[in-house]
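Working notes, structure below.
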Amino acid sequence: MTANLLDYDLEGLAAFCERLGEKRFRAVQLYRWIHQKGVARFEDMTDLARSLREKLPGVCEVRGLPVLTQQISTDGTIKWLFDVGGGNAVETVFIPEDDRGTLCVSSQAGCAVGCRFCSTGHQGFSRNLGSGEIIAQLWYAEHFLRKRFNTNERVISNVVMMGMGEPLQNYSALVPALKTMLDDHGYGLSRRRLTVSTSGVVPMMDRLSQDCPVALAVSLHAPNDPLRDHLVPLNRKYPLAELMAACKRYLPAAPRDFITFEYCMLEGVNDQPEHAQQLIALVREHGVPCKFNLIPFNPFPDSGLKCSGKAVVKAFAEQLNAAGIVTTVRKTRGDDIDAACGQLAGDVLDRTNAAERMAQRRGQVEQAVVWQPREKS
């Protein structure tokens, strides 16, 4: 199979061109044609030397992802289902707002973390995406939207790595994709407008701070270790004290002076006043400047969970805000096309017996609602 130029960041593309006996400026030209103009046919890249245009088709291509379905919500949200081969698919969501256009991008087919409230995790894990498969979602969406809105201006101003998968468990493919999103010859995104969401892969958080520091969102969802162990199983490997320390280490390199904590509101599980007090104590103890984003839970079959009531969510937010912690409630978008947070599932098969494990642990989650301190060893 010939090389896919979507796999390369600019440095990688320059090295590829050098192997073909071409100078670096040719890589910059190629990069601009592909990412800024959305052109895939080398014969249409008119300022490339004719000899290069004739050489490229024999050794490489610009290979996007086939679109299986496209759904448009009543609120303007668009969801695409992309074919990544082997019977697997990933979903990508565009969320239009008055002051921005945000694209939610997937990094894996499925997810191995298995958070109890996430439909994607419930479907199990299939495989990591390559860099080209990650960037292909942005490549397709950006140029589709320009045609849809009849503009040559950039439509997507923000990208969040919050689609299917745990981005930091696919680190080697993630970083080149991020660099392409940031590159002025590529998509020219600001580091403040490019967000990686993680459930707390502590070593990779440290690496990201050195290799490509962008905005960071941490899927917290619980204020204590016993409850988080059940809601976010990765917590058993990287408990809250380690996660908070990693957040604090990340901040000096980050484009923002705070960490965003995502918190899915689950009725009777993590939404009580004592949970809010524990969150306040947690961030104060570890001294992590932060913002909380409360996310209404989007129910799906077999989760055994319910969304907190609006009054409960409002009271929870007020309790955090009163303690001086900036707290917002995420507006649900695209729920009529299953594009809301936690609903992305695609056609990924349940290859990790996630449904069986979820059923076995449902009772354990209920028992862990009330916090009990860990015994000191």
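Inclusion of A89 among residues that are outside the structural domain of G124 (by TED's automatic domain parsing) and of a type in the set (G, A, S) is not warranted. Scan (1) touching a helix residue (DSSP H, G or I) at 6+ places or on another chain (Cβ under 8 Å); (2) surrounded by fewer than 17 Cβ atoms within 10 Å (Cβ to Cβ); (3) modelled with pLDDT under 95 for the single condition G124 breaks and write down its number. Among (1) touching a helix residue (DSSP H, G or I) at 6+ places or on another chain (Cβ under 8 Å); (2) surrounded by fewer than 17 Cβ atoms within 10 Å (Cβ to Cβ); (3) modelled with pLDDT under 95, the lone unmet condition for G124 is (2).
Selection over the range 255-281 of residues that are under 22 Å from the mean Cα position of the chain (by Cα) and either in a strand (DSSP E or B) or crowded, with 19+ Cβ neighbours inside 10 Å (or both) gives a count of 8. On the basis of being touching a strand residue (DSSP E or B) at 6+ places or on another chain (Cβ under 7 Å) and either surrounded by fewer than 20 Cβ atoms within 10 Å (Cβ to Cβ) or at positive phi (or both), does E242 make the cut? It is false that E242 is touching a strand residue (DSSP E or B) at 6+ places or on another chain (Cβ under 7 Å) and either surrounded by fewer than 20 Cβ atoms within 10 Å (Cβ to Cβ) or at positive phi (or both). Within the range 22-55, the set of residues being without any contact (Cβ under 8 Å) to a residue 24 or more places away in the chain and in a helix (DSSP H, G or I) comprises R24, F25, A27, Q29, W33, F42, E43, D44, R50, S51, R53, E54. Considering (1) outside the structural domain of V159 (by TED's automatic domain parsing); (2) surrounded by fewer than 16 Cβ atoms within 10 Å (Cβ to Cβ), the lone condition that L48 does not fulfil carries the number (2). Restricting attention to the range 100-132, the residues that are assigned to a loop (DSSP other than H, G, I, E, B) and either hydrophobic (A, V, I, L, M, F, W, C) or over 14 Å from the mean Cα position of the chain (by Cα) (or both) add up to 12. Out of all the residues in the range 59-74, is one or more over 15 Å from G132 (Cβ atoms), buried (at least 19 other Cβ atoms within 10 Å of the Cβ), assigned by TED's automatic domain parsing to the domain that holds W139 and of a type in the set (V, I, T)? No.
Here the condition is being aliphatic (A, V, I, L, M), surrounded by fewer than 22 Cβ atoms within 10 Å (Cβ to Cβ) and not in a helix (DSSP H, G or I); of A217, A173, it holds for A217 alone. Of the numbered criteria (1) within 18 Å of the chain's Cα centre (by Cα); (2) closer than 26 Å to A322 by Cα, the one R207 fails is (2).
Cβ separations smaller than 6 Å between residues 6+ apart or across chains give the following pairs from the range 62-85 residues that are of a type in the set (V, I, T) to residues that are at pLDDT below 95 and part of a loop (DSSP other than H, G, I, E, B): T77/R333; T77/G334; T77/A339.
Does S197 fit the bill of being touching a residue at least 12 places away in the same chain (Cβ under 8 Å), assigned by TED's automatic domain parsing to the domain that holds A109, assigned to a helix (DSSP H, G or I) and more than 30 Å from F25 (Cβ to Cβ)? Answer is no for this residue. The residues of the range 81-99 that are assigned to a strand (DSSP E or B) and more than 20 Å from I135 (Cβ to Cβ), listed by number, are P96, E97. Could you check how many residues of the range 188-205 are farther than 30 Å from P239 by Cα and surrounded by fewer than 21 Cβ atoms within 10 Å (Cβ to Cβ)? So the count comes out to 2.
Within the range 1-21, the residues that satisfy the criterion of being surrounded by fewer than 19 Cβ atoms within 10 Å (Cβ to Cβ), of a type in the set (A, V, I, L, M) and in contact (Cβ under 8 Å) with a residue 12 or more places away in the chain are A3, L20. Working carefully through the options I135, I156, find the one that is part of a helix (DSSP H, G or I), in contact with a Gly (Cβ under 9 Å, 6 or more places away or on another chain) and farther than 28 Å from V269 by Cα. Just one listed residue meets the conditions, I135.
Counting the residues of the range 5-34 that are touching a His at 6+ places or on another chain (Cβ under 7 Å) and either under 15 Å from P57 (Cα atoms) or of a type outside the set (S, T, Y) (or both) gives 3. On inspection, T74 passes the criterion of being modelled with pLDDT under 95 and under 27 Å from N150 (Cβ atoms). Candidates in the range 221-239 are the residues that are out of contact with any strand residue (DSSP E or B) (no Cβ under 7 Å at 6 or more places or on another chain) and in a loop (DSSP other than H, G, I, E, B); of these, the one that is farthest from E285 (Cα to Cα) is K237. Return a yes/no flag: does the range 4-19 have any residue that is more than 26 Å from the chain's Cα centre (by Cα) and charged (D, E, K, R). Within the range 4-19 (the criterion being more than 26 Å from the chain's Cα centre (by Cα) and charged (D, E, K, R)), the answer is yes, since at least one residue qualifies. Only one entry in G186, G200 is at positive phi and modelled with pLDDT of 95 or more, namely G200. How many residues are aliphatic (A, V, I, L, M), touching a Cys at 6+ places or on another chain (Cβ under 8 Å) and over 28 Å from T151 (Cα atoms) when one looks only at the range 1-60? Result for the range 1-60: 1.
The values are calculated or read from the model by the stated rules, or taken from the named source; none is laboratory data. As the structure is a prediction and not an experimental result, all values here were calculated from the model. Ideal geometry is used to build each Cβ from the backbone, glycine not excepted, and the neighbour counts take in all protein chains shown.
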